[in-house]
1. With respect to I40, is the statement that it is open to solvent by 40 Å² or more (accessible area, probe 1.4 Å), within 30 Å of I163 (Cβ to Cβ), among the aliphatic types (A, V, I, L, M) and in contact (Cβ under 8 Å) with a residue 12 or more places away in the chain true?
2. Of these, A216, A236, which one is of a type in the set (G, A, S), open to solvent by less than 70 Å² (accessible area, probe 1.4 Å) and without any contact (Cβ under 8 Å) to a residue 40 or more places away in the chain?
3. Might you check whether a residue that is within 20 Å of V8 (Cα to Cα) and either at pLDDT below 80 or not in a loop (DSSP other than H, G, I, E, B) (or both) occurs anywhere in the range 63-79?
4. Just for the range 22-41: of the residues that are assigned to a loop (DSSP other than H, G, I, E, B) and under 21 Å from the mean Cα position of the chain (by Cα), which one is farthest from I95 (Cα to Cα)?
5. Are any of the residues in the range 242-260 more than 36 Å from the chain's Cα centre (by Cα) and assigned to a helix (DSSP H, G or I)?
6. Mind counting the residues in the range 93-106 that are surrounded by fewer than 19 Cβ atoms within 10 Å (Cβ to Cβ) and not charged (D, E, K, R)?
7. Which count do you get for residues in the range 56-90 that are under 21 Å from F148 (Cβ atoms), of a type in the set (D, E) and open to solvent by less than 100 Å² (accessible area, probe 1.4 Å)?
8. (1) over 30 Å from D166 (Cα atoms); (2) among the small types (G, A, S); (3) at pLDDT 90 or above: which one isn't true of G34, the others all being true?
Amino acid sequence: MSVFGPVVKIHPVVVASISDSYERRNEGASRVIGTLLGTIDKHSIEVTNCFSVPHNESEDEVAVDMEFAKNMYELHKRVSPTEVIIGWYATGFDITEHSVLIHEYYSREASNPIHLTVDTALQSGKMNIRAYVSAQMGVPGKTVGVMFTPLTVKYIYYDTERIGVDLLQRTRLASTRTKGLTSDLSQVGSAAARVQDMLTTVLAYIEDVLSGKVTADNSVGRFLMDLVNKVPTISAEDFENMLNSNINDLLMVTYLSNLTQAQIALNEKLVLL
């Protein structure tokens, strides 16, 4: 459930980092917290990175190592100066009284920070991720409280992150729960196989329309026409020469990289001797 407000876009590396910090938490710790980094525009908040912050928590009080958080952010700015503090995260499903105190600190570091909760314990059967912004409520001049309002959460990724996500997906079906990276040629073969499957589906639809088995859909026809128009006009011989040239370049780069790795390994052994 969400209300009107900015959309929170989360990258896979953020979820992986939070899960890793939870698995490496100190003995006896019920949850971990950390700083969220990213960028902000008028309509969305993009969470691109994060780091955990040490803290001690009990029923009566909470202590957060703010000096550690500041030093980590200063070091991070040297690598990614465009990423700023946009809020903080905590593992768990609920918002506690201590969350209000921690949120007050981040309110001094960022304008209207977000609070991200990650259900790493899978209380609801899956890893629910929720984002909130705070707003004061109460009677002016008297008792004032804080209300956390939910925001819409979306998951996005860069093209380079998609490789890791696809690899993690394949480990679900592996018996050993491990999976290695495929070679470049294997990826080209997989992409070609997917394209061939798509072309088979399109051809089957066209044949069904021509035979009268399926009623023609004008929108599908327009999409197919746009697809055909985007295909460059090239002869079969020129296409084959271009493909062979690209494959030769790829094989040369692979050979040079393997040769470089062998030379580095040999150099390390000679240095040790």
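1. Yes.
2. The conditions single out A216.
3. Among the residues of the range 63-79, not one is within 20 Å of V8 (Cα to Cα) and either at pLDDT below 80 or not in a loop (DSSP other than H, G, I, E, B) (or both), which makes the answer no.
4. Restricting to residues being assigned to a loop (DSSP other than H, G, I, E, B) and under 21 Å from the mean Cα position of the chain (by Cα), the top hit is D41.
5. No, the range 242-260 contains no residue that is more than 36 Å from the chain's Cα centre (by Cα) and assigned to a helix (DSSP H, G or I).
6. 6
7. Here the count works out to 1.
8. Looking at each condition in turn, G34 falls short on (1).
The values are calculated or read from the model by the stated rules, or taken from the named source; none is laboratory data. The structure presented is a predicted model; accordingly, all values stated were derived computationally and were not measured. Here the Cβ is made from the backbone with ideal geometry for all residues, glycine too, and neighbour counts use every protein chain on show. Quick note on the areas: whole protein, heavy atoms, side chains included, nothing else; ligands and nucleic acids left out. Shrake-Rupley method; radii C 1.70, N 1.55, O 1.52, S 1.80 Å.
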